[in-house]
């Protein structure tokens, strides 16, 4: 690739588009079942390889599925980034967790201790081992603990929640001074799209502001009750469990003088309900709901609680909470900074659901754009679940990118994310996922064509898999979680046509089998730039190719 490009390099992230090698999964593999003529042609005409997006290859525990936040951080960093879950687990293993200053302070100053977070072993937002570490700290300090669980069903099977709840109940029993106090699906307590009408229901549950919610003596019975009588046919699983008390809610609710420990480690979904607890002014001081236009909800007087977050969820919140595991120092020479330091402009585009990923996470948790970085967001559709509109806002995102490529001052690097494969994949609806993939295929084709016409090139890849497995034959239930399968990485460069294998099922010998950290060093090579030493990922293009 000695000749220089005359146009931009586009990094296209087909979110949730993995490559499932199991032929027995064909009948529920939305990628294979969809008509994808544009991407199929790219696989035949250009060199491609497979890259790893999970486990230790992205800084997660072994065999842990990747996710969009981790994926985009690894992409932007050009190196494997040890994730917060690994740092916390290491502290547990080395005996440092129980000495954590923020956790110990909560034990000393909280009248009662509340532990809240996701009931899941998926490792995407939180881990039950971290909850159990908190329970051990409570026991060591002889403090009873009240546990408030948010059921998953999105990164786990849709009906596996009762298993995790049962496990937590047993652990509380062994602890001797702990009990499950409430349950609700993550749909309510872990929203990230400012749908405050949902968050309000989670907040009211945790604080006992409603006396008309169902109450159960047993947490497992509370789960089974929802399975037997779900809110609607499309909201049957764990994600949508409606708020419900366990035990005497008047005694177990969060009140003035208590301490709260939010044990989720990923920051995007705990922010909203944390804001409701800790911001001095809430209603009217947060972004409006896309559905109702209301900026927050009436939470009543702010509760006087000591609030501990497992990690730093958001800079705005840091002054109001104690952070158990602050973020490590910022990485040097990540993509955004590297390009800005060389006076090169860049453009980032996505719809609302994935906009933080192409900006905040790709930039290593940086809120502000770099010098010369332009960001554009297409609003995601206002629907309860994306199987109702599997096209999402892919067309609008495509128009944003095509508009920049048509401009005289088009940026030399463009990052675009298509959310459909992931967000529709999470619904478990196979037909909708097929439509989602077909939408992305058409949009990717248009962007790739425009880049070539402009004298540029593209890399077409993904941050993790999802839509390639829409059913779990073991549980005989829809598969709504991410996968650990590899994803394709296609080098659509006019200089690389001769490197193609000509076979959509056979990777090119001129490309290495790599990982997400290798993508940006490859992009920089295509741009004629040498990757900085801090980017320890390696170009996927073999030497001499």
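The values are calculated or read from the model by the stated rules, or taken from the named source; none is laboratory data. Quick caveat: nothing in here was measured; it's all calculated off a predicted structure. Neighbour counts run over all protein chains shown; Cβ positions are idealised from the backbone, glycine included.
For the reader, a short list of remarks on this structure follows.
- Number of the exception - residue 480 against (1) touching a helix residue (DSSP H, G or I) at 6+ places or on another chain (Cβ under 9 Å); (2) part of a loop (DSSP other than H, G, I, E, B); (3) surrounded by fewer than 21 Cβ atoms within 10 Å (Cβ to Cβ); (4) in the same structural domain as residue 49 (by TED's automatic domain parsing): (3)
- Residue in the range 369-377 that is modelled with pLDDT under 95, outside any strand (DSSP E or B), assigned by TED's automatic domain parsing to the domain that holds residue 470 and surrounded by 17 or more Cβ atoms within 10 Å (Cβ to Cβ) present: no
- Residues located in the range 134-155, provided they are closer than 25 Å to residue 472 by Cα, touching a residue at least 60 places away in the same chain (Cβ under 8 Å) and either buried (at least 24 other Cβ atoms within 10 Å of the Cβ) or outside the structural domain of residue 115 (by TED's automatic domain parsing) (or both): 149, 151, 152, 153, 154
- You will find that of 487, 440, 519, the residue that is crowded, with 21+ Cβ neighbours inside 10 Å, touching a residue at least 24 places away in the same chain (Cβ under 8 Å) and within 19 Å of residue 346 (Cα to Cα) is 519 and no other.
- In summary, residue 398 fulfils each of the numbered conditions (1) in a helix (DSSP H, G or I); (2) surrounded by 20 or more Cβ atoms within 10 Å (Cβ to Cβ); (3) in contact (Cβ under 8 Å) with a residue 60 or more places away in the chain with the single exception of condition (3).
- Residue in the range 167-184 that is part of a helix (DSSP H, G or I), buried (at least 20 other Cβ atoms within 10 Å of the Cβ) and modelled with pLDDT of 95 or more present: yes
- Of the criteria (1) within 18 Å of the chain's Cα centre (by Cα); (2) within 29 Å of residue 343 (Cβ to Cβ), which one residue 459 fails: (1)
- Hits in the range 69-95 (condition: in a helix (DSSP H, G or I), over 20 Å from residue 312 (Cβ atoms) and out of contact with any helix residue (DSSP H, G or I) (no Cβ under 9 Å at 6 or more places or on another chain)): 93
- Pairing residues of the range 8-22 that are assigned by TED's automatic domain parsing to the domain that holds residue 74 with residues that are modelled with pLDDT under 95, at Cβ distances under 8 Å and at least 6 apart in sequence or on separate chains, gives no pairs at all.
- Those residues of the range 291-300 which are at pLDDT 95 or above and surrounded by 15 or more Cβ atoms within 10 Å (Cβ to Cβ), in sequence order: 294, 295, 296, 297, 299
- Candidates 286, 308: the one that is touching a helix residue (DSSP H, G or I) at 6+ places or on another chain (Cβ under 8 Å), in contact (Cβ under 8 Å) with a residue 24 or more places away in the chain and not in a loop (DSSP other than H, G, I, E, B) is 308.
- Flag if residue 508 is at pLDDT below 95, surrounded by 18 or more Cβ atoms within 10 Å (Cβ to Cβ) and part of a loop (DSSP other than H, G, I, E, B): yes
- Meets criteria (crowded, with 17+ Cβ neighbours inside 10 Å and either in contact with a strand residue (DSSP E or B) (Cβ under 7 Å, 6 or more places away or on another chain) or in a helix (DSSP H, G or I) (or both)) for residue 449: no
- Number of the condition not met by residue 98 [criteria: (1) part of a helix (DSSP H, G or I); (2) under 25 Å from the mean Cα position of the chain (by Cα)]: (2)
- Selection status of residue 422, within 26 Å of residue 65 (Cα to Cα), out of contact with any strand residue (DSSP E or B) (no Cβ under 7 Å at 6 or more places or on another chain) and crowded, with 19+ Cβ neighbours inside 10 Å: no
- So residue 227, is it out of contact with any strand residue (DSSP E or B) (no Cβ under 8 Å at 6 or more places or on another chain) and closer than 18 Å to residue 153 by Cβ: yes
- Candidate set from the range 260-272 (those that are surrounded by 22 or more Cβ atoms within 10 Å (Cβ to Cβ) and outside any loop (DSSP other than H, G, I, E, B)); member that is farthest from the chain's Cα centre (by Cα): 260
- Residue within the range 333-350 that is crowded, with 17+ Cβ neighbours inside 10 Å, touching a strand residue (DSSP E or B) at 6+ places or on another chain (Cβ under 9 Å), within 30 Å of residue 185 (Cβ to Cβ) and not assigned by TED's automatic domain parsing to the domain that holds residue 115 present: yes
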